[in-house]
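I am attaching a structure below and will ask some questions about it afterwards.
Readers should treat all values here as calculations from the given coordinates under stated rules, not as data from a laboratory. Quantities reported herein were computed from a predicted structural model and do not represent experimental measurements. In this analysis, Cβ positions are derived from the backbone assuming ideal geometry, glycine residues included, and neighbour counts consider all displayed protein chains.
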Amino acid sequence: MASVTSLTASVHQRLANALSAALPEAAAADPLLRRSDRADFQANGILALAKKAKANPRELAAQVVERVVTGDVIGDIEVSGPGFLNITVTDKAIIENLSARVTDPAARLGVPHADHPGTTVIDYAQPNVAKEMHVGHLRSAVIGDAVVQLLEFTGETVVRRHHIGDWGTQFGMLIQYLDEHPHELDHRAGEVSGEEAMSNLDRLYKAARRKFDSDEEFKTRARRRVVDLQAGDPHTLAMWQKFVDESKIYFFSVFEKLDMEIRDADIVGESGYNDMLAETCRLLEESGVAVRSEGALCVFFDDILGPDGNKVPLIVQKSDGGYGYAATDLSAIRDRVFSLKADTLLYVVDARQSLHFKMVFETARRAGWLGADVKAQQLAFGTVLGKDGKPFKTREGETVRLVDLLDEAIDRASAVVREKARDLSEQEIAERGAQVGIGAVKYADLSTSASRDYKFDLDQMVSLNGDTSVYLQYAYARTQSIQRKAGEVRPVAHPELELSPAERALGLHADQFAETVAEAAAEYAPHKLTAYLYQLASLFTTFYDKCPVLKAETPEQVENRLFLTDATGRTLRQGMALLGIQAPERL
Ligand code: ARG
């Protein structure tokens with residue numbers, strides 16, 4: 001058995017047993033246990049239960065105390081206030097439990113797998129072909145990647161889908177222009193950097209746009225290209241493929257900078273559903289889910305009204321026969337449910353697309369593609385704001401290039417690392433600078449709940465003392481440096497020792513890792529894990545200030561404190577890995 005029952009769960013179980021012995025009708029009741037400052041835990045559930053049973057709460061609490069099993073896990077339990085229970089666990093239980101986590105043969109710190117894992121298809125990191133990536137794409141990638149790691153860690157089968165914008169009328173103009181200037185993207189794979197690829201695309205895009213806006217005949221040729229593309233004309237498709245390939249060079253360079261694994265096979269963009277679009281529309285129309293309205297194929301909803309009070313439809317096919325974003329997303333749902341066998345569909349997409357997904361999901365439900373056994377959810381994220389609280393833009397009012405932002409974060413982080421560095425070489429400073437800078441960007445994004453807007457503030461992000469990844473990274477590096485200094489002395493758990501308050505607090509919190517991971521995964525809430533890790537790093541800092549490790553009084557105490565240090569380090573490293581944040585051994 002690799003999974004380790006947490007102290008919280010053990011205390012909970014003992015209380016529940018005592019409670020049902022004292023009050024049989026409360027057999028399934030929740031004692032409402034939580035961590036507390038007064039004791040280790042406080043249970044507040046007795047009050048409501050006593051009220052319901054018309055009993056005196058303090059008396060009921062006393063009866064529970066009488067019946068509760070103590071000595072092994074629970075060291076002390078007493079009634080307080082109107083009928084609360086204050087519970088202290090034994091020092092021995094803290095160390096033994098943590099020791100079981102550290103020695104978990106599966107190296108999972110005793111974190112169990114979910115009881116009923118399923119298959120989740122997650123749609124995230126979806127930039128657009130021939131376009132620069134911006135902060136919105138950053139959020140989707142960072143949040144999506146953390147959710148993928150969390151889910152996989154709980155045993156869920158996760159299928160990644162990068163729904164890139166690689167289809168649509170804008171390609172007519174690009175393809176036509178490239179066809180008329182065939183040498184523009186003439187290079188072999190591997191010959192250009194991501195940066196160069198993007199600047200090639202940008203140049204082409206601007207030139208094509210200029211021509212499109214000024215030359216009516218070109219416009220006509222470009223429009224004809226869209227038709228050729230949708231009809232699958234081989235030459236047109238080959239041209240289109242060049243844009244996709246060039247863009248992928250750029251995308252992969254950004255994802256690499258972000259220290260994120262994105263696999264080519266998981267990139268299934270809008271074009272990937274092209275063959276399904278006509279059928280999707282036919283099925284919707286035949287079943288009556290969609291109706292023709294002024295030539296367009298539309299789905300209507302009673303509760304979705306525009307500003308003028310009229311119903312806003314979801315347009316699946318335009319009156320000119322063209323298919324839109326909705327047709328693609330509906331086809332993708334069919335693919336994800338029926339071919340990939342998903343029982344959960346997740347979409348890590350900007351909150352500004354929430355209405356779209358609401359309508360798409362409802363349409364798919366009506367069509368029978370999303371049954372009661374399939375969950376579909378948009379993990380909507382808020383807007384990235386500048387320091388001034390307004391949507392993040394350059395001074396000229398343009399969207400900020402993601403690459404510039406990442407480079408700046410790395411620069412700032414390198415400066416911080418350099419300032420603190422004593423024994424690091426230039427190369428190490430550069431390496432750590434990237435790990436700290438990218439970690440900082442990810443952490444800032446993950447540490448507020450996704451649905452909220454957040455301020456992109458590099459000064460705050462790389463601060464050593466705030467709620468930042470650098471703070472976690474330094475705490476982790478300290479756990480490692482202590483162990484290096486310990487030399488031959490190894491961490492050994494000594495459950496027989498009495499613990500100081502700082503040791504208890506650290507040990508108890510470290511024991512909460514499994515519950516935190518389970519909760520963060522179940523709720524798709526990486527911010528719960530960041531908050532937990534920040535607290536862990538803070539408790540470790542206090543422990544380190546208050547409890548000398550290598551200079552502790554007895555050899556057993558040295559070993560035991562090394563053990564706490566080691567357990568903290570492992571927990572920090574595992575937690576950060578789930579968030580996509582590197583934990584360098586030295587900083
Ligand atoms: N490419 C889109 C954008 O840049 C995001 C795609 C979201 N996913 C989806 N299945 N619609 O905004």
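Students often get this wrong: which residues of the range 203-224 have the backbone nitrogen under 16 Å from the point 7 angstrom along Cα-to-C-beta of residue 180?
204-224
May I pose another question? What distance in nm lies between label points placed 7 Å from Cα along the C-beta direction at residue 387 and residue 219?
For the pair residue 387/residue 219, the computed spacing is 4.4 nm.
Only helical DSSP H runs with n ≥ 4 go in: add -39500 (n - 2.57) per run for the chain, normalise by residue count and round the 222 nm mean residue ellipticity to 500 deg cm²/dmol.
Helix-only estimate at 222 nm: -16500 deg cm²/dmol.
Fully extended, how many nm does the chain gain between residue 489 and residue 523 (0.36 nm per residue separation, minus their Cα-Cα distance)?
Answer, rounded to one decimal: 8.1 nm.
From zero outward in steps of 10 Å, how is the percent of C-alpha pairs of the range 402-578 spread across the bins?
Per 10 Å bin, starting at zero, the Cα-Cα P(r) for the range 402-578 comes out as 10, 34, 33, 19, 4, 0 percent.
Lysine pairs in the range 402-578 8 or more apart or on different chains: how many have alpha carbons under 29 angstrom apart?
Summing the qualifying lysine pairs gives 11.
Turning to a different aspect of this structure: Taking a ≥ b ≥ c as the square roots of the Cα gyration tensor eigenvalues, with a/c under 1.5 meaning rounded and otherwise prolate when a/b beats b/c, else oblate, which class fits the chain?
oblate
Okay, moving on. If you plug each phi of the range 496-513 into the Karplus form 6.51 cos²θ - 1.76 cosθ + 1.60 with θ = phi - 60°, what whole-Hz ³J(HN,Hα) values come out, in order, with x for Gly and Pro?
7, 7, 7, 9, 7, x, 5, 5, 4, 4, 5, x, 5, 5, 4, 5, 7, 4
Pull out the extension gain between residue 419 and residue 577, defined as 0.36 nm times the separation in residues minus the alpha carbon to alpha carbon distance; nm, one decimal.
54.3 nm is the gain from fully extending residue 419 to residue 577.
How big is the range 470-568 on each of its three principal axes, counting only the C-alpha atoms and giving the largest first in Å?
Taking the Cα atoms of the range 470-568, the three principal extents are 44, 29, 21 Å.
Where the centre of each part is set by its Cα atoms, how far does the range 1-32 sit from the range 63-130, in angstrom?
About 13 Å separates the Cα centre of the range 1-32 from the one of the range 63-130.
By a straight-distance test (C-alpha under 16 Å), which lysines pair with residue 206 as possible cross-link partners, with residues fewer than eight away in the same chain excluded?
List returned: 131, 219.
Between residue 36 and residue 430, what FRET efficiency comes out of the Förster formula 1/(1 + (r/R0)^6) with R0 = 41 Å and r the beta carbon distance, rounded to 0.05?
The calculated FRET efficiency here is 0.35.
Given a Förster radius of 30 Å and the C-beta distance between residue 206 and residue 263 as r, what FRET efficiency does 1/(1 + (r/R0)^6) yield to the nearest 0.05?
0.45
If you take the beta carbon distance between residue 231 and residue 310 as r and set R0 to 30 Å, what does 1/(1 + (r/R0)^6) give as a FRET efficiency, to the nearest 0.05?
Once the sixth-power term is evaluated, E becomes 0.30.
Hey, another quick one. Between the range 544-566 and the range 253-309, what's the alpha-carbon centroid distance in Å?
Between the Cα centres of the range 544-566 and the range 253-309 lies a distance of 58 Å.
Roughly speaking, what is the stretch gain from residue 399 to residue 48, that is 0.36 nm per residue apart minus the C-alpha to C-alpha distance, in nm to one decimal?
Between residue 399 and residue 48, full extension yields 121.0 nm more.
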